[in-house]
Amino acid sequence: MTEFHYDQATQHSLWTKGVDATESPQPSRATVKHLRERLQVSGASVLSNADLLTIVLGTGPSPPSIIRQMQALLASTSLQELLRIDFGELSTTHQLGDAKAAQLQAVVELARRLTLPHDTQRYQVLSPADAANLVQAEMSFLDHEELRVLFLDTKNGIVANIRLYQGTINSSVLRVAEIFRPAVTRNCPGILICHNHPSGYPTPSPEDEQVTQKLVEVAKLFDIDLVDHVIIGHNHRFVSLKERFALVIG
């Protein structure tokens, strides 16, 4: 069995569990190799977010400063915010360089995709939470508004998940025909609208209510069920307009 030998400071770091790197000092002599050894001995779960990113970006000829870079990055940026941080900001402002900025964005995108539902069977929407869980990974941390439409079969299984608008969603730019056309061509009896609030607060605006009322009226003309309008915020927060304004939709 391979034996590992550490100095006293590194031993303290290796066996301190559940402590974020921004909250406890890292040993001055810590290296990427030490972090890999700690993962091998104790498992990935004992490593902080900064430690894990250091291992990801510390492959190949990495300068010792990579640990400090990851600590500094996560001191100013949450893991969730990494989903929308610009490549140039990572490369230049945080001084990662193009190669490591690309590595970081690649691993964050893989992590995001792990949260998506498995596509071997049709995803079923039985509640507003089901709809929110489906789109949150893609919509929660956008810096702009998007509107997605979920097209549903007779059992509320999702036939299609289509982004139709990007930018401010309001009644002046909304073309309801674009929303209902895929439902008609795919013979879908129901649709569910989702859009996000970049502020992170999913409280419906008067404009959101107006748009919803307009869609309700058109849905009746097409004999299509508007199942809900779900507004996505940050940190798994969402609002169902059907639940909040039951008389408006249902």
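The values are calculated or read from the model by the stated rules, or taken from the named source; none is laboratory data. What you are looking at is a predicted structure, and each value in this text was computed from that prediction instead of being measured. Here the Cβ positions follow ideal geometry from the backbone for every residue, glycine too, while neighbour counts run over all protein chains shown. For accessibility, only protein heavy atoms count, side chains too; no ligands or nucleic acids. Shrake-Rupley method; radii C 1.70, N 1.55, O 1.52, S 1.80 Å.
Quick rundown of the values:
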item: Residues within the stretch 140-169 that are of a type outside the set (Phe, Trp, Tyr), modelled with pLDDT of 85 or more and not in a loop (DSSP other than H, G, I, E, B), tallied; result: 14
item: The stretch 188-203, residues that are closer than 23 Å to residue 80 by Cβ and open to solvent by 10 Å² or more (accessible area, probe 1.4 Å); result: 197, 198, 199, 201, 202, 203
item: Matching residues in the stretch 204-234 - criterion: being of a type in the set (Gly, Ala, Ser) and either open to solvent by 80 Å² or more (accessible area, probe 1.4 Å) or free of Cβ contacts under 8 Å to residues at least 60 places away in the same chain (or both); result: 205, 219
item: Condition met for residue 208 (touching a strand residue (DSSP E or B) at 6+ places or on another chain (Cβ under 7 Å) and under 30 Å from residue 86 (Cα atoms)); result: yes
item: Residues (within 17 Å of residue 58 (Cβ to Cβ) and open to solvent by less than 30 Å² (accessible area, probe 1.4 Å)) located in the stretch 38-47; result: 38, 47
item: Index of the failed condition, residue 174 passing every other in (1) farther than 27 Å from residue 122 by Cβ; (2) modelled with pLDDT under 90; (3) in contact with a Ser or Thr (Cβ under 9 Å, 6 or more places away or on another chain); (4) buried (at least 17 other Cβ atoms within 10 Å of the Cβ); result: (3)
item: Filter pass, residue 101 being assigned to a helix (DSSP H, G or I), open to solvent by 30 Å² or more (accessible area, probe 1.4 Å) and modelled with pLDDT of 80 or more; result: no
item: Residue within the stretch 46-69 that is at pLDDT below 65 and small (Gly, Ala, Ser) present; result: yes
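Residue-wise test of (1) hydrophobic (A, V, I, L, M, F, W, C); (2) within 18 Å of residue 146 (Cα to Cα); (3) not in a helix (DSSP H, G or I).
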{"residue": "181", "(1), (2), (3)": "no, no, no"}
{"residue": "187", "(1), (2), (3)": "no, no, yes"}
{"residue": "208", "(1), (2), (3)": "no, yes, no"}
{"residue": "216", "(1), (2), (3)": "yes, no, no"}
{"residue": "235", "(1), (2), (3)": "no, yes, yes"}
